[in-house]
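Comments concern the structure below.
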Amino acid sequence: MSIKIENLTHIYMKGTPFEKKAIDNVTLEIKDGEFIALIGHTGSGKSTLIQHINGLLKPDSGKIIIDNVDITSKNVKLSAIRKKVGLVFQYPEYQLFEETIEKDIAFGPKNLGLSEEEISSRIKRAMNIVGLDYEKYKDKSPFELSGGQKRRVAIAGVVAMEPQVLILDEPTAGLDPKGRDDILSNISDLHREYNMTIILVSHSMEDVAKLASRILVMHHGKCILDGEPINIFREIDTLESVGLAVPQVTYLTKKLRDKGFNISGDIFTIEQAKKELLKVLKK
Ligand SMILES: Nc1ncnc2c1ncn2[C@@H]1O[C@H](COP(=O)(O)OP(=O)(O)O)[C@@H](O)[C@H]1O
Ligand SMILES: [Mg+2]
């Protein structure tokens, strides 16, 4: 299922002194099964862009074409789009409301009109993939959980709808390093096991370096870089000029290279750095 965004522009509070062009003529295509990281400084337009992909926001101009259907046209049902495109908002744990975890995760699938059996199997699968033991947690109140666990319940609720595209808006915001790593590894499992197209919004290069197959960099409502991580991380100057940084290990290995060590220039994960450094040290 491909997503085509054509000349998309979104202006908030048009015609007022507070008018703000949040998306400025963006064109891009996302292919089936891609793992995209959407990166940019706060205010660059990431949340505005993704809310167009499930029809939550309407563009001022431009088109969003999903599965060959222009979802901005009048007769398109939003419910049909939301079956295909699942969106996990920033801080989704604030939207938990049911008395048990099982009921909370069941909410979306119930609205799809699935059988009880199908709903139950989806809940189990979704909980398993976000690392929550079904028997242990199903009857607990979501409000008894830690911040990271609550967030995993919220993600499971969207996953249980089994959308073809899953968009997550800053899913690691405000979590401690362990919580962050858990969520990121859940997302990686989702991509693998459900074959979902993933769009992961983040302002941390560190988070996405290992996961994404493609990185889109937003700045002032435009998409200024688009490519594989290896090519994006070579653009250190451009990234820094828009308030972003490459991963710490990339700086470290660059410094070592500047000092004369024979180290590859394309390192952006700790694992790669370890391998490369051990190679150099053994010589
Ligand atoms: N509801 C809104 N009303 C007015 N301006 C908004 C609204 N939401 C976002 N903006 C503005 O639009 C721009 C893009 O915001 P947003 O898409 O939230 O960026 P990001 O998710 O990258 O932080 C920012 O300048 C922001 O202040
Ligand atoms: Mg945002």
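Below are the figures for this structure:
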quantity: Odd one out for T16, checked against (1) assigned to a loop (DSSP other than H, G, I, E, B); (2) open to solvent by less than 10 Å² (accessible area, probe 1.4 Å); (3) away from ligand 2 (no atom under 16 Å from the Cβ); calculated: (2)
quantity: Members of the stretch 75-103 that are surrounded by fewer than 17 Cβ atoms within 10 Å (Cβ to Cβ) and of a type in the set (D, E); calculated: E98, E99
quantity: Residue check, L8 assigned to a loop (DSSP other than H, G, I, E, B), over 22 Å from P229 (Cβ atoms), touching a helix residue (DSSP H, G or I) at 6+ places or on another chain (Cβ under 8 Å) and within 13 Å of ligand 1 (Cβ to nearest atom); calculated: no
quantity: Complete set of residues in the stretch 207-241 that are open to solvent by less than 40 Å² (accessible area, probe 1.4 Å), over 26 Å from I183 (Cα atoms) and within 16 Å of ligand 2 (Cβ to nearest atom); calculated: G221
quantity: Residues of the stretch 142-156 satisfying the condition of being free of Cβ contacts under 8 Å to residues at least 60 places away in the same chain and either under 20 Å from G55 (Cα atoms) or open to solvent by 10 Å² or more (accessible area, probe 1.4 Å) (or both); calculated: F143, E144, L145, S146, G147, G148, Q149, K150, R152
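Listed here are the residues, each with its yes/no results for (1) of a type in the set (S, T, N, Q); (2) within 16 Å of ligand 2 (Cβ to nearest atom); (3) loosely packed, with under 14 Cβ neighbours inside 10 Å.
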position: E29; (1), (2), (3): no, no, yes
position: E34; (1), (2), (3): no, no, no
position: L38; (1), (2), (3): no, yes, no
position: S44; (1), (2), (3): yes, yes, no
position: H52; (1), (2), (3): no, yes, no
position: G55; (1), (2), (3): no, no, no
position: I65; (1), (2), (3): no, no, no
position: N68; (1), (2), (3): yes, no, yes
position: S73; (1), (2), (3): yes, no, yes
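Residue by residue, here is whether (1) modelled with pLDDT under 90; (2) under 15 Å from the mean Cα position of the chain (by Cα); (3) within 16 Å of ligand 1 (Cβ to nearest atom) holds:
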residue: P171; (1), (2), (3): no, yes, yes
residue: I198; (1), (2), (3): no, yes, no
residue: A212; (1), (2), (3): no, yes, no
residue: H220; (1), (2), (3): no, no, yes
residue: E235; (1), (2), (3): no, no, no
residue: T238; (1), (2), (3): no, no, no
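The values are calculated or read from the model by the stated rules, or taken from the named source; none is laboratory data. Everything numeric in this text was worked out from a predicted model, so none of it was measured. Positions of Cβ are backbone-derived with ideal geometry, glycine not excepted, and every protein chain shown enters the neighbour counts. Surface accessibility is based on the protein's heavy atoms, side chains included, excluding ligands, DNA and RNA. Shrake-Rupley method; radii C 1.70, N 1.55, O 1.52, S 1.80 Å.
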